[in-house]
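The values are calculated or read from the model by the stated rules, or taken from the named source; none is laboratory data. Small disclaimer: the values here were computed from a predicted structure and weren't measured. Here the Cβ is made from the backbone with ideal geometry for all residues, glycine too, and neighbour counts use every protein chain on show.
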Amino acid sequence: MLKTKIKASAITNLTDARYFAAWDVEWMGFSLDPASDHFVDPNTVHAIKDWVEGPQITGEFNLQSAADIQSLVDNLNLDAIQVGPFTPVETLMDLDTQVPVIKEIIFEASTQASDIETILEAHAAHCAYFLFNFDSNGLALTNLPVPLPWLKEVCAEYPILLSIADLNDQLDTILDDIQPTGLSVRGGEEEKVGYKSFDELDDLFEALETLE
């Protein structure tokens, strides 16, 4: 059992999928955006689903239409979807699905707290979770573009998943002080088919593991 919910994002191979499923993560995300560097063919996602049990299989989208998203939700029987920072709220309003939606928000060095509040307020009625992505721009607790007390308040008000650069080094502070709903980590390319090193992730999951 883990101390917090974990979303594994951008999974591209069965090796990652099996690893994260073994750690009983809450969500397992596959990019279904053909324009993404991490795009996974829907047939591959379907095949991987047959090999793993437990995590909610999550389709990760960006600028696809509501109809395209809905089609993949239905065809792959997805448990959840994640939409990107540029997905219009109108797309979420047009979806005819009951699966939970995760909205990704990417933070930059110039991001203002007021900008994020506007996004949260506009999307709150349509999203089950928000993923605050600091990691993609190398942002950590030591160089947050928003005040730490503000981040703590937002995590208390909204269901927030954090993707942040210094996760392993600041894990106790993040879990005990900021108290997000969960964390997001990323898959990666295999070093060769069926093999890759999980040393850094092993350290994280071992730190998150609790006795049942």
Review point. Restricted to the range 19-54, and to residues that are part of a helix (DSSP H, G or I) and within 15 Å of residue 185 (Cβ to Cβ), which residue is nearest to the chain's Cα centre (by Cα)?
Key: 20
**Study point:** Any chance residue 182 is of a type in the set (Gly, Ala, Ser), at pLDDT below 95, surrounded by 14 or more Cβ atoms within 10 Å (Cβ to Cβ) and under 20 Å from the mean Cα position of the chain (by Cα)
**Key:** no
Practice item. Working carefully through the options 95, 76, 131, find the one that is over 16 Å from the mean Cα position of the chain (by Cα), under 22 Å from residue 160 (Cβ atoms) and of a type in the set (A, V, I, L, M). Key: 95
Study note, to complete from the structure: Restricted to the range 78-89 and to residues being surrounded by fewer than 19 Cβ atoms within 10 Å (Cβ to Cβ) and touching a residue at least 12 places away in the same chain (Cβ under 8 Å), the residue farthest from residue 39 (Cα to Cα) is 89
Study note, to complete from the structure: Only one of (1) surrounded by fewer than 14 Cβ atoms within 10 Å (Cβ to Cβ); (2) modelled with pLDDT under 95 does not apply to residue 166, and that is (1)
Exercise for review: Quickly run through the range 165-182 and pick out the residues that are in contact with a strand residue (DSSP E or B) (Cβ under 8 Å, 6 or more places away or on another chain) and either over 18 Å from residue 130 (Cβ atoms) or among the aliphatic types (A, V, I, L, M) (or both).
Suggested key: 167, 174, 178
Check your understanding: Restricting the range 101-128 to residues that are surrounded by fewer than 20 Cβ atoms within 10 Å (Cβ to Cβ) and closer than 19 Å to residue 185 by Cα, which is farthest from the chain's Cα centre (by Cα)?
Key -> 108
Practice item. Hand me the list of strands (runs of 3 or more DSSP E) wholly inside the range 97-189 holding 1 or more residues that are in contact with a Ser or Thr (Cβ under 7 Å, 6 or more places away or on another chain) and not hydrophobic (A, V, I, L, M, F, W, C). Key: 129-133, 160-163, 182-186
Review point. Do you know which residues across the range 17-43 are within 15 Å of residue 81 (Cα to Cα) and in contact with a Phe, Trp or Tyr (Cβ under 8 Å, 6 or more places away or on another chain)?
Key: 28, 31, 32, 33, 40
